[in-house]
Amino acid sequence: MVRGFPSGVFTEVVAEVAVERWEIERDGATLTVRWFAGEASESKSEFSFHYSDSETDFGWHHEPNPHVDGWGHFQERSETGEEDYSYETFTFPSENPSRLVWEIMSHLSTRLGSKKL
């Protein structure tokens, strides 16, 4: 669990992604990691790892969402580029974002590798 941050505040890190590693060319590729420890020590942490570039937008989220059962889900913007997303349940092996970085990067690598132009 992420602790020690002011209550009611999300912490966010935005990283530029070198998509050429997957032999694709996209502008503005970023991975945004957000987390919120909760209002109280017994609160569930909320977090997301969300990738975006000039052509696609998807991410793994651990937060309440009316489109899926439970908190864990993967969401991806529709191919039409509209603000519509598709959702599927996703199970995180941990609720600590810092423990998930390498696993999410592996998922990101697989997903981007399948999107070669």
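Only the coordinates and a few stated rules stand behind these numbers; no lab work does. Predicted model only: the values in this text are computed from it and were never measured. All Cβ positions, glycine included, derive from the backbone under ideal geometry; neighbour counts span all protein chains shown.
Using Cβ contacts closer than 10 Å as the measure, can you line up ARG77, ARG99 from fewest to most?
ARG99, ARG77
Sorted from largest to smallest, which semi-axis lengths in Å does the alpha carbon gyration tensor of the stretch 11-113 give for its equivalent ellipsoid, taking the root of 5 times each eigenvalue?
Working from the Cα gyration tensor, I get semi-axes of 24, 16, 12 Å.
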